[in-house]
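A.B. asks: Before anything else, here's the structure in question.
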Amino acid sequence: RSNGDLAGLRVLVTAGGTREPLDPVRYIGNRSSGKQGVALATAATERGATVHLIAANVEVDLAPLLGLPRLTVTRVSSTAELATAVHTAVVESDAVIMAAAVADYRPETVAEAKIKKDSQGDRLELTLVKNPDILADIAAARAERHAGTEPQPDLTIIGFAAETETDRDRLLTLGRAKVVRKGSDYLVLNTVGWSAGFATDVNTVILLSNAGDIVGEASGGKREVADRILDLLRLKHAPQP
Ligand code: C5P
């Protein structure tokens, strides 16, 4: 599908999973492959948008994307790098889609040299500290910009929530609390687990609005799911008749 319905829109997409270094050779990471985020960036580009993809350790080959017109790719690894890249790029964006799986915590200290087991004994304790919540920070900054004025449609913010909850009602309850807590306009809610959501080619998602309404559902290939998510931007940014 490449009907140009997102022409003129500047879309920032994050993809993949952040890695938090422990020492020069080790990290704490997650199983996000980046497939959904890369599908979003590809679909948005093909629909006419100008796209900035910030890719954190994606397992997808990005070579085919590098030739696409209107698409910029920035590679990052840690949450700190992702945060810097997002905060820089967001000022030039009309919409941000935070598909990346961001580490909630990082090691408090990063060892300068490889941690050796002969200096540690049988137990090794790690202290983790909380990372900034990039999505919530962007939404809070937008709220501050618009304090005391009518909400401006200058930036649409879409977050993701990957939960291991499989019960639909409980999943929706978690999602509704999360979209309000984060302050995003929408939340893409899905169930992930050992064999679902992450690293697969298919996805099943519920699209929630900030009001807690289900505004869409999608199931199928990640490209198809990407197109349903991007429809949210078409609705919001469509020129008024
Ligand atoms: O709280 P949780 O990790 O489930 O939130 C998921 C959403 O928040 C995703 O859109 C993710 O990209 C974003 N996030 C973030 N910064 C964090 C943690 C999550 O932007 N530190």
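The values are calculated or read from the model by the stated rules, or taken from the named source; none is laboratory data. No experiment lies behind these values; they were computed from the predicted model shown. All Cβ positions, glycine included, derive from the backbone under ideal geometry; neighbour counts span all protein chains shown. Ligands, DNA and RNA are excluded from the accessible area calculation, which covers all protein heavy atoms including side chains. Shrake-Rupley method; radii C 1.70, N 1.55, O 1.52, S 1.80 Å.
A.B. asks: Of the residues Glu163, Glu46, Glu224, which exhibits the maximal mean-square fluctuation in a Gaussian network model of the chain defined by a 10 Å Cα contact cut-off?
C.D. replies: Highest fluctuation of the listed residues: Glu163.
A.B. asks: Give, in nm to one decimal, the length gained when the segment between Leu124 and Ala7 is fully stretched (0.36 nm per residue of separation minus the Cα-Cα distance).
C.D. replies: Numbers: separation 117, 0.36 × 117 = 42.12 nm, distance 5.25 nm.
Here the answer is 36.9 nm.
A.B. asks: Now for a different question. Put +1 on the Cβ of each Lys and Arg and -1 on the Cβ of each Asp and Glu in segment 1-98; which of Ser77, Gly17, Gln36 then has its Cα farthest toward the positive end of the dipole?
C.D. replies: About the Cα centre, the residue reaching furthest to the positive side is Gln36.
A.B. asks: Using a 1.4 angstrom probe, figure out how much accessible area the chain has per residue, in square angstrom, rounded to the nearest whole. Please list the in-between numbers first.
C.D. replies: Working: 12470 Å² over 241 residues.
Result: 52 Å² per residue.
A.B. asks: At what distance in angstrom do the alpha carbon centres of segment 50-112 and segment 206-233 lie from each other?
C.D. replies: Their Cα centres are 21 Å away from one another.
A.B. asks: Using a Gaussian network model on the chain with a 10 Å cutoff between Cα atoms, which of Val129, Val38, Val60 fluctuates the most?
C.D. replies: Val129
A.B. asks: Okay, next question. May I ask for the angle, rounded to the nearest 10°, between helix 134-145 and the longest principal axis of the chain, with both axes built from Cα atoms and the value confined to 0 to 90°?
C.D. replies: 50 degrees
A.B. asks: On to the next question. Where is the GNM fluctuation largest for the chain (alpha-carbon springs, 10 angstrom cutoff): Thr88, Thr164, Thr127?
C.D. replies: Thr127
A.B. asks: What Kirkwood hydrodynamic radius, in Å, does segment 58-109 give when the mean of 1/r is taken over all pairs of distinct Cα atoms and then inverted? Spell out each step's value before the answer.
C.D. replies: On the way: mean 1/r = 0.0764 Å⁻¹.
By the Kirkwood definition, the hydrodynamic radius is 13.1 Å.
A.B. asks: While we're on this one: Between Leu68 and Glu163, what is the FRET efficiency for a Förster distance of 51 Å, r being their Cβ-Cβ separation, to the nearest 0.05?
C.D. replies: On the way: r = 32 Å, r/R0 = 0.63.
With a Förster radius of 51 Å, E is 0.95.
A.B. asks: About the Cα centre of segment 1-106, what is the dipole size in debye to 20, counting +1 per Lys and Arg Cβ and -1 per Asp and Glu Cβ, all else neutral? All intermediate terms of the calculation are to be shown ahead of the outcome.
C.D. replies: Details: 10 positive and 10 negative charges, 27 e Å.
The dipole of segment 1-106 has a size of about 120 debye.
A.B. asks: Return the carbon/sulfur percentage of the accessible area of segment 99-222, one whole number, probe 1.4 Å, all protein chains in place.
C.D. replies: Of all accessible area on segment 99-222, carbon and sulfur atoms account for 50 percent.
A.B. asks: Restricting to the chain, compute how many DSSP beta bridges are antiparallel as a %, nearest 5. Could the numbers behind the result be given before it?
C.D. replies: On the way: 19 of 47 bridges.
DSSP beta bridges in the chain are roughly 40 percent antiparallel.
A.B. asks: Can you give the charge dipole size of the chain about its Cα centre, rounded to the nearest 20 debye, using +1 on the beta carbon of Lys and Arg and -1 on the beta carbon of Asp and Glu? Could you put the intermediate results ahead of the total?
C.D. replies: Numbers: 28 positive and 31 negative charges, 43 e Å.
With Lys and Arg at +1 and Asp and Glu at -1, about 200 debye.
A.B. asks: For the full complex of protein chains and a 1.4 angstrom probe, list Lys182, Lys114, Lys222, Lys130 by accessible area with the highest value first.
C.D. replies: Values: Lys182 40, Lys114 105, Lys222 15, Lys130 145 Å².
Accessible-area ranking of Lys182, Lys114, Lys222, Lys130, largest first: Lys130, Lys114, Lys182, Lys222.
A.B. asks: Tally Lys and Arg at +1 and Asp and Glu at -1 over the other residues with C-beta under 15 Å from the C-beta of Arg19: what net charge comes out?
C.D. replies: On the way: positive: Arg26, Arg31, Arg75, Arg106; negative: Glu20, Asp23, Glu59, Glu81, Asp104.
Net of charged neighbours comes to -1.
A.B. asks: What are the extents of the Cα atoms of segment 3-73 along their three principal axes, in Å, largest first?
C.D. replies: Cα spread of segment 3-73 along its principal axes, largest to smallest: 45, 19, 17 Å.
A.B. asks: Only Lys, Arg, Asp and Glu count, each charged at its Cβ (+1, +1, -1, -1), so figure out the dipole size of segment 65-162 about its Cα centre, rounded to 20 debye. Intermediate values should be presented prior to the final figure.
C.D. replies: On the way: 10 positive and 14 negative charges, 73 e Å.
Around 360 debye, computed over segment 65-162.
A.B. asks: Just want the answer: with Cβ charges of +1 for Lys and Arg and -1 for Asp and Glu, which residue in Phe160, Ala100, Asn131 is farthest toward the dipole's positive end in the chain?
C.D. replies: The listed residue farthest towards the positive side: Ala100.
A.B. asks: On C-alpha positions alone, give me the angle between the axis of helix 222-237 and the longest principal axis of the chain, in degrees, nearest 10.
C.D. replies: So the inclination is approximately 50 degrees.
A.B. asks: Something else about it: Could you give P(r) for the chain, binned at 5 Å from zero, as whole percent values over all Cα-Cα pairs?
C.D. replies: 1, 6, 13, 18, 20, 17, 11, 7, 4, 2, 1, 0, 0, 0, 0
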